Amino acid sequence: MIEKRIGNTPLRRCGHLSEKFSANIYIKDESCNPGKSSKDRAAYFMLEEAIKGNKIQPGGTIVEASSGNTGISIALMAQEMGCRAKIFVSKSCSEEKRALLEAYGASIEICDNSFGLHVFNSTQYQAQAYAANHENAYFTNQYYNSANIKAHYKTTGPEIWEQTHHQVTHVVAGIGTGGTISGIGRFLKEQKKDIKVWGVEPTNSVYQFFLEQGKIENNGIVHDPIEGIGRTFIPGTFDAQVVDQIFQVDAQSAKRAAQEYRAATDQLIGFSSAAVLAAVEENLSKLNFKEGDHVVLYFPDHGDRYLQKLYNSNHQETTKTFDIR
């Protein structure tokens, strides 16, 4: 059963980054999950609760709006449940993720954007509408499903705590739905409230402003295209009370960080992992690491899902301005 292979992913000390940042730097490598991403955790918890609540029956259709990884996880688990998977992705979803979704038997719908439940041409709106209009179809709705947070509160947070032998001082993670950082943050701060939990998002995403001002600016400018993180709205799965600070990085900085990391370690990291690395590099003076600190960088997936976007020098992607009112 796939659920027995989810979680308990390795936490590895990175000698290269530890020397570079003058602290103990650890990588939480979520690519070791069956679906090769952290989204296996949330997908399993969401589907488990749906089954227990009789929200989906065998032969039904599990529906999700996803940048790719959650969809892949759901497609994998749907097969074991005897269900179909229908995944709504935005045009920015990588070619590699689309190919994997199809390989795992998912039906894909491509939407203009992922701007939230109230925008007609968004992945969330279309996924919700599909589930509402089809019999035995269930929208897992990772942006507002508390099981998303619960998955990381029950599994990822405790793993980090135990794997660092209770010595973790900082966690740095990208923010997409907010479920990962919220679940990890809640658990770790219950163990030791002065553990620093820092988020990373693309330039022009809304989380940093929301954390600082308690509201969002709707200026129509879409955040930099860093796949998997960044939002134009605040999902219900984001708990601002457990996040200390949020840093923004641009897509080019993330790409550069990915390529430099590959050159130094021969390892391919994903887009949001690269954004986490770029944020640390750009904000070292604010982070103020000490030699004895134990810093966990959360890497949610593998770089093989972004070969064209991160490691192909000919690939170009531009940020556009939309009216999202």
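See the values below:
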| quantity | calculated |
| --- | --- |
| Total charge dipole magnitude, segment 96-209, about the Cα centre, Cβ charges on Lys, Arg, Asp, Glu only, Debye to nearest 20 | 480 debye |
| Cross-link reach list, lysines versus K97, counting only Cα pairs under 26 Å and skipping chain neighbours closer than eight places | K4, K28, K36, K39, K86, K150, K255, K309, K320 |
| Estimated dipole of the chain in Debye, rounded to 20 [Cβ of Lys and Arg +1, of Asp and Glu -1, Cα centre] | 380 debye |
| Nearest 10 degrees, 0 to 90: helix 271-282 Cα axis against the chain principal axis | 30 degrees |
| Förster-model FRET efficiency, 30 Å R0, H165 and L307, C-beta, rounded to 0.05 | 0.25 |
| Furthest towards positive pole of dipole, N283, A251, T70, structure part the chain, Cβ charges | T70 |
| Signed unit charges on C-beta, dipole axis of the chain, positive-most listed residue S146, T232, L11 | S146 |
| Charge-dipole axis of the chain as Lys and Arg at +1 and Asp and Glu at -1 on Cβ define it, positive-most pick from V119, S273, M81 | M81 |
| Alpha-carbon centroids, segment 256-296 and segment 163-242: separation in whole Å | 17 Å |
| Long-range HN-HN contacts of V296 with modeled amide H, under 5 Å | Y26, T169, H170, V171, V172 |
| FRET efficiency for S107 and T265, using Cβ-Cβ distance with R0 set to 25 Å, rounded to 0.05 | 0.10 |
| Gain in span if fully extended, S18 to Q245, counting 0.36 nm per residue against the direct Cα distance | 79.5 nm |
| Per residue value of the accessible surface for segment 54-93 (all protein chains in place, 1.4 Å probe), Å² | 32 Å² |
| Using distinct alpha-carbon pairs, which all enter the 1/r mean, Kirkwood radius of segment 6-137 in Å | 15.9 Å |
| The chain - percent of accessible surface contributed by carbon and sulfur, probe 1.4 Å | 45 percent |
| 17 Å Cα-Cα reach of K20 towards lysines, excluding residues that sit fewer than 8 places from it in its own chain | K286, K290 |
| The chain - percent relative contact order, Cα under 8 Å, separation 6 or more | 20 percent |
| Rounded to the nearest 10 Å², the accessible area of L11 at probe 1.4 Å | 30 Å² |
| Computed magnitude of the charge dipole of segment 12-140 (debye, nearest 20; Cβ of K, R +1, Cβ of D, E -1) | 300 debye |
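The values are calculated or read from the model by the stated rules, or taken from the named source; none is laboratory data. Computed from a predicted model, the values in this text were never measured in an experiment. Positions of Cβ are backbone-derived with ideal geometry, glycine not excepted, and every protein chain shown enters the neighbour counts. Areas reflect the complete protein model, heavy atoms only, side chains present, ligands, DNA and RNA absent. Shrake-Rupley method; radii C 1.70, N 1.55, O 1.52, S 1.80 Å.
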